[in-house]
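Visitor: The structure that follows is given in the form of structure tokens.
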């Protein structure tokens, strides 16, 4: 297994495939319609513009098995030390520990970039993701009941947070 920085040129279609499978078959994303390659282009541009990482897990034969990233939590300046993350594993590789490794690498990157709070919005019924976050030290920060509607039912969105011991010298403005 190799862990790499994903690029649009090499990984966009594989990331798109993982995301679209999650959209179609799970509540990991509160989205209805598959995304396009044009969406991925904008997504990568936004990540690059803010120096947000996209970390990929690559199989020995070069296939992307999963990825993790983070981005802006809220757009107002005082939230500049908070980020919202996501991790997605290809369906046939879930439950094999890849999510944990990707999350550990993402946490290390957040520390390196001097962020203070990592936030994950998780469908409350996604027990595997909730357990992963708890094992990594995340704590439950609250749940918004019936925040989404998908597959004919209301979905509760649980927020989990990890407070990091950075930045070393936070500043206003």
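Visitor: Return yes or no: is residue 161 in a strand (DSSP E or B) and within 16 Å of residue 103 (Cβ to Cβ)?
Guide: yes
Visitor: For region 115-132, which positions are in a helix (DSSP H, G or I) and surrounded by 15 or more Cβ atoms within 10 Å (Cβ to Cβ)?
Guide: Those that are in a helix (DSSP H, G or I) and surrounded by 15 or more Cβ atoms within 10 Å (Cβ to Cβ): 129, 130, 132.
Visitor: Right, another one. Could you please give the count of residues in region 60-101 that are surrounded by fewer than 12 Cβ atoms within 10 Å (Cβ to Cβ) and in contact with a helix residue (DSSP H, G or I) (Cβ under 6 Å, 6 or more places away or on another chain)?
Guide: 0
Visitor: In region 133-173, how many are under 20 Å from residue 23 (Cβ atoms), surrounded by 13 or more Cβ atoms within 10 Å (Cβ to Cβ) and in contact (Cβ under 8 Å) with a residue 40 or more places away in the chain?
Guide: 5
Visitor: Taking region 25-45 as the search range and keeping residues that are touching a strand residue (DSSP E or B) at 6+ places or on another chain (Cβ under 7 Å) and closer than 25 Å to residue 115 by Cβ, which one is surrounded by the fewest Cβ atoms within 10 Å (Cβ to Cβ)?
Guide: 30
Visitor: Return the residues of region 1-37 that are assigned to a helix (DSSP H, G or I) and either within 24 Å of residue 157 (Cβ to Cβ) or under 15 Å from the mean Cα position of the chain (by Cα) (or both); say none if nothing qualifies.
Guide: Scanning region 1-37 gives 15, 16, 18, 19, 20, 21, 22, 23, 24, 25.
Visitor: Still on this structure, I have one more. Quick one: which of 50, 125, 82 is under 24 Å from residue 16 (Cα atoms) and touching a residue at least 24 places away in the same chain (Cβ under 8 Å)?
Guide: Of 50, 125, 82, the one residue that is under 24 Å from residue 16 (Cα atoms) and touching a residue at least 24 places away in the same chain (Cβ under 8 Å) is 125.
Visitor: Run residue 63 past the list (1) in contact (Cβ under 8 Å) with a residue 40 or more places away in the chain; (2) under 14 Å from the mean Cα position of the chain (by Cα) and report the number of the one that doesn't hold.
Guide: Against the list (1) in contact (Cβ under 8 Å) with a residue 40 or more places away in the chain; (2) under 14 Å from the mean Cα position of the chain (by Cα), residue 63 comes up short only on (2).
Visitor: Looking at (1) assigned to a helix (DSSP H, G or I); (2) in contact with a helix residue (DSSP H, G or I) (Cβ under 6 Å, 6 or more places away or on another chain), which is the only condition residue 107 fails?
Guide: It fails just one condition, (2).
Visitor: Another question about this same structure. When you look at residue 114, is it in contact with a strand residue (DSSP E or B) (Cβ under 7 Å, 6 or more places away or on another chain) and at positive phi, yes or no?
Guide: Answer is no for this residue.
Visitor: May I ask you to list the residues in region 5-24 that are surrounded by fewer than 17 Cβ atoms within 10 Å (Cβ to Cβ) and either within 20 Å of residue 49 (Cβ to Cβ) or at pLDDT below 95 (or both)?
Guide: Once the filter is applied, which keeps residues that are surrounded by fewer than 17 Cβ atoms within 10 Å (Cβ to Cβ) and either within 20 Å of residue 49 (Cβ to Cβ) or at pLDDT below 95 (or both), region 5-24 yields 5, 7, 9, 10.
The values are calculated or read from the model by the stated rules, or taken from the named source; none is laboratory data. No experiment lies behind these values; they were computed from the predicted model shown. Virtual Cβ from ideal backbone geometry, glycine too; neighbours counted across all protein chains shown.
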